[in-house]
Structure formats: C-alpha cells, structure tokens
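A short worksheet on the structure shown next.
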Amino acid sequence: MEKGKVYLIGAGPGKPDLITVRGYNILKDADVVIYDYLVDKKALESVKENAELIDCASLGNNSEGGASLRQDRINKLLVKKSKEGRKIVRLKGGDPAIFGRCSDELEALAKEKIEFELVPGVTAASAASSFSGIPLTGRGFASSCVFVTGQEDPFKKESLVDWDTLPKTGTVVFYMGAGNLKEITARLISGGKDKNTPVAVIQNASYLNQKVLTGNLDDIAGKVKKQSFTPPAVIIVGEAAKLEKKFNWRKRNKRILFTGLSTERYFLKGTHEHVPFIKIEPLRDYEEFDAYLKIIEDFDWVVFTSRYGVEHFFRRLKDAGFDARKLHKVKIAAIGQSTGKKLNEYFLETDLVPPDESSGGLVESFRKIDLKGKKIFMPRSNISDKGLEKELKALGANVTASVAYKNVMPEDLPKLDFSGFDEIMFTSPSTVRNFKKKYKRVPGHIRVSCIGNVTLKEAKRCHLVT
Ligand code: SAH
C-alpha cells in the first residue's frame with residue numbers, strides 16, 4: 001500500500017478562528033486527526049464526518065509514564081496511521097514548531113521515509129501579545145524578543161536556558177512557566193534584571209475567559225498566587241508589558257456578548273464575543289418533510305423564515321434527487337435580507353422580502369397580495385411560533401408547515417464571567433430562553449439589546465429586561 005502523508009498543523013492558541021486558512025482547508029479533508037489536549041474541540045467541527053479523531057490525552061498523561069512515553073506513542077501512531085495510506089493531520093496547539101516536541105515527530109517520520117508538511121500557526125506568545133495589547137517589540141522599548149521554556153528549574157546547574165543573557169534581552173516570553181513563576185522572576189533578578197521591570201501574565205490567551213495580570217518582577221509571583229492562575233499561561237517580561245494598560249483593547253472597547261449563530265457578523269462598535277446560545281441540528285427522520293418536497297410544484301409559495309430553513313430545504317431537495325428547477329413555478333418569500341441572501345447562494349431570487357423584517361412584516365406584505373386559496377409551504381424549526389401560520393391562514397391561504405431542522409440548546413455553554421461584559425445581544429427568542437435556563441438572570445451592570453420585537457417581547461416575558 002502506498003504510504004500516506006502527515007500534515008503537522010498549528011491550530012492556534014485556542015479561539016477556533018485563529019487557525020490559518022491553509023490549515024483549515026487541509027484539516028477539512030483529513031482522514032485521521034491526531035490532536036493535542038490544548039486544541040479547542042470546536043476546531044474539530046470542520047472535519048469530515050467519517051474522519052478518525054484521536055485525542056493525544058488518550059495515549060497517556062504525564063503521571064503514567066511521563067511525557068516521553070506519550071510522545072513515543074504519538075510518534076508510533078503517526079507512523080502506523082500514515083502507513084495505512086491515509087491523509088493524516090497532526091493538529092498541535094499554537095505553532096507546530098514552537099515547543100511541543102515537533103522535531104521528535106519529524107525524526108520519526110523522516111526515519112520511515114514518510115512524507116510530511118508543516119503548516120504554521122499562531123503561537124501563544126503572539127496571541128497573548130495581540131489579545132492583551134502588548135506589542136512584543138517596539139523602537140523605544142525592545143528591539144529583540146525571545147521565547148523561553150519556563151518548565152526547567154532556573155537554578156538547575158546544567159540548564160539549557162542561558163539565564164545570564166536573558167536579563168539583557170528586550171522582551172522575554174516564557175511558555176510553560178506558570179508553575180515556576182517565583183523561581184523565574186528570582187533568577188532574572190539575581191541575573192541583574194531590574195526588579196521593577198514590568199511583567200504581564202496572560203492566561204487562556206484569546207479565549208473568552210482570558211485573564212491578564214500585570215505587575216513587576218518583584219511582585220508578580222505573589223499576585224498570581226493570590227489569583228490562583230492555572231495553565232495555560234505565558235509570562236511576558238520587559239518594558240513592553242507596561243503597554244497593556246494603554247493598549248488592552250479588550251478592556252477599552254465596549255464588550256458585547258453576541259448570542260446568535262452568525263459568526264461572520266462583525267460590527268463597527270465594540271468587541272463582539274460570539275457565544276451561540278442555540279444550535280441547529282438536522283432531524284433524525286425526514287419522511288414527512290421529504291413527502292412535501294416531492295410535490296413542491298403543487299404549492300404557490302414557499303415561505304422561508306430563516307436561513308437554516310433554506311439550508312435544510314435545499315439539502316433535502318438534493319438528497320431526494322431534485323434541484324432548484326423543481327421550484328420553477330413556485331414563488332418565494334423570505335422573512336428578511338439574511339434569509340434572502342442565503343437563497344441567492346442557491347441562485348434564487350426572492351419574490352417577496354418585507355421591509356419590516358419580521359413575521360409581522362411578512363403578514364403585512366402578504367395582505368397586499370390575494371392569498372385566497374393559495375397553497376403555502378413553510379419549512380420551520382421544531383420550536384417556531386405558530387403565529388405566522390395562523391395569520392396567513394386568516395388571509396385565506398392554505399398553509400402547510402413542516403419541520404425542517406431542530407433548534408436546540410448547546411450542551412457546552414461555558415461558565416461566563418459577566419464582569420468583563422457591558423452588553424448582551426439576543427438575536428432570537430430561543431437565545432433568550434436558553435440564556436434564562438442556563439444563567440437565570442442578567443447582572444445589573446449589563447445592558448440588554450434585542451434584535452426584533454419578538455425577541456424583545458420574550459426577553460420581557462423572561463424578566464431579563466424591563
Ligand atoms: N506550540 C505551542 C506551545 C506548546 S507548549 C504554541 O506555539 O503556542 C504549551 C505552552 O504554551 C503552555 O504551557 C503555555 O505557556 C502556552 N500556551 C498555549 N496556549 C496558550 C493560551 N491560550 N494562552 C496562554 N498560553 C498558552
């Protein structure tokens with residue numbers, strides 16, 4: 001059998017959209033993904049349905065046999081899987097070639113003459129720098145920057161780190177040093193670094209729960225101890241760390257918790273943190289829905305009330321062996337621009353999008369059209385409100401609504417630290433209800449904003465807004 005190939009890809013520091021486009025495209029197509037414990041599981045959502053996913057944590061941990069034994073198992077696994085002739089992705093946290101034993105894996109592959117490629121990633125130091133507003137170099141304060149492992153005992157005689165030159169370096173970033181902070185800072189001071197040198201410790205860089213603590217070489221270890229910082233964290237030492245106070249845009253900007261699904265939305269004002277409070281899933285059984293698709297040409301209108309309805313409608317249509325031509329006689333309405341845009345992706349234009357983008361707006365627009373005896377088909381979610389259906393029936397239409405997808409509560413909603421947020425934006429009644437279920441109330445300092453009146457009504461009903 002022909003040997004496969006191994007791609008060592010940097011997944012970035014955590015936030016799933018910090019992987020490179022190249023890494024993402026290769027990952028999507030992988031047959032086997034062997035991933036590190038620091039890789040965010042959301043990064044794995046793009047892989048093929050039948051791809052084999054292997055968590056390196058399953059190959060042992062530091063307490064049972066140590067990191068070397070686990071590394072040996074990873075190397076063997078990479079070789080074994082690539083000999084099966086498949087496309088293997090070795091997904092590593094941050095950049096694949098910065099710490100994390102990249103060369104051990106490359107040695108193992110090279111020895112077996114297995115082809116490989118490296119795809120760079122955003123390393124933790126870069127992420128910590130950007131997400132806390134600390135430029136690592138700058139003309140006035142640092143003309144060099146070094147990355148150092150903080151795992152070694154700095155007072156050990158045969159240390160591989162050159163502790164005597166470090167105090168002379170502009171910016172020093174320590175990886176894996178959270179547990180050794182006291183020793184690291186003491187060693188730098190005893191090596192001649194001014195004890196007032198600014199230090200920043202950045203935990204969970206880029207994540208929603210990122211924490212930044214600043215101080216100086218003398219007091220940072222004590223501060224970190226009080227706050228019970230846990231890994232992963234990087235330590236930035238040097239004048240650069242002082243800039244956090246001025247440039248930490250996460251603290252400066254208004255921070256808005258965005259609860260909708262559309263991650264492509266970026267806004268002019270404020271920093272929007274995307275935490276989807278809903279999850280869209282296909283149904284297990286499409287018997288009923290498919291039966292309507294087969295006779296869709298018998299309807300006068302199809303009314304789409306969400307872009308997920310559009311997606312599932314066309315996915316089912318394709319699976320049933322049809323394409324958009326099946327709709328050639330049917331008129332199409334969309335509840336708003338974003339649903340309309342989704343239809344355009346299937347090269348379909350809409351016959352009706354109400355100026356007021358809501359179910360009420362749809363009814364108003366339909367009022368101007370004679371719906372008596374007209375047959376309307378509405379793909380909907382398992383929890384949609386029946387109001388629209390009733391109102392269209394009241395206009396004389398013969399309405400058939402059928403469930404096309406499920407709108408469910410995500411199981412993995414994070415524990416949120418609301419103190420860093422200024423506003424929460426609800427995008428649909430279901431985001432409101434799921435928030436209420438999980439977090440009960442909105443803390444007093446947070447402003448609530450709602451997209452659309454129906455969402456606002458639900459927020460009032462749930463006492464999340466007055
Ligand atoms: N290859 C990785 C580093 C692996 S070593 C990279 O390029 O980033 C693991 C160390 O990386 C951790 O101990 C921590 O120091 C750092 N690290 C990884 N992810 C991090 C994150 N999100 N925030 C802060 N530090 C992180």
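Structure above, values below:
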item	result
Cross-link pairs 386/457; 269/457; 42/225 - those with Cα-Cα distance over 22 Å	269/457; 42/225
5 angstrom amide H check on residue 375, placed H, neighbours 5+ away	300, 301, 398
The chain: DSSP helices with Cα axial extent of at least 20 Å and average Kyte-Doolittle hydropathy no lower than -1.0	66-83
Anisotropy class of the stretch 182-224 from Cα gyration tensor, a/c 1.5 cut	prolate
Amide H contacts of residue 145 (H built 1.01 Å from N, under 5 Å, at least 5 apart or other chain)	171
At most 11 other Cβ within 10 Å, DSSP loop - trypsin sites (Lys or Arg not before Pro), the stretch 339-370	368
Local electrostatic count, residue 135, Cβ distance below 14 Å [Lys/Arg +1, Asp/Glu -1]	+2
Under 5 Å, built H, 5+ apart or other chain: amide partners of residue 447	423, 424
Calculated from backbone phi, Karplus (6.51, -1.76, 1.60) coupling profile of the stretch 405-417 in Hz, x at Gly/Pro	7, 10, 10, 10, 7, x, 6, 9, 4, x, 6, 10, 9
Per-residue [θ]222 nm for the chain (sum of -39500 (n - 2.57) over DSSP H runs n ≥ 4, rounded to 500)	-8500 deg cm²/dmol
The stretch 172-278: trypsin sites (Lys or Arg not before Pro) falling in loop per DSSP and having at most 16 other Cβ within 10 Å	195, 254, 265, 269
Candidate aspartates and glutamates for bridging to residue 460, where Cα separation is under 12 Å - those fewer than 8 sequence places away on the same chain excluded	none
Loop chymotrypsin sites (Phe, Trp or Tyr not before Pro), the stretch 317-425 (other Cβ atoms within 10 Å of the site Cβ: 10 or fewer; DSSP)	347
For the chain: relative contact order, % (alpha-carbon pairs under 8 angstrom, 6 or more apart)	11 percent
The stretch 296-406 - charge dipole about Cα centre, Lys and Arg +1 at Cβ, Asp and Glu -1, debye rounded to 20	260 debye
Euclidean distance of C-alpha centroids, the stretch 186-228 and the stretch 122-155, integer Å	12 Å
Descending semi-axes in Å of the chain, equivalent ellipsoid built from Cα gyration tensor	51, 30, 17
Residues 463, 328, 272, 312 arranged by fewest to most Cβ contacts within 10 Å	328, 463, 272, 312
Computed label-point distance, nm, for sites residue 368 and residue 68 using a 7 Å Cα→Cβ extension	7.8 nm
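All of the numbers you see were taken from the coordinates with simple rules; none came from a lab. Just so we're clear, the structure is a prediction, and the values are computed from it rather than from any experiment. Cβ atoms come from the backbone with ideal geometry, glycine included; neighbour counts cover every protein chain shown.
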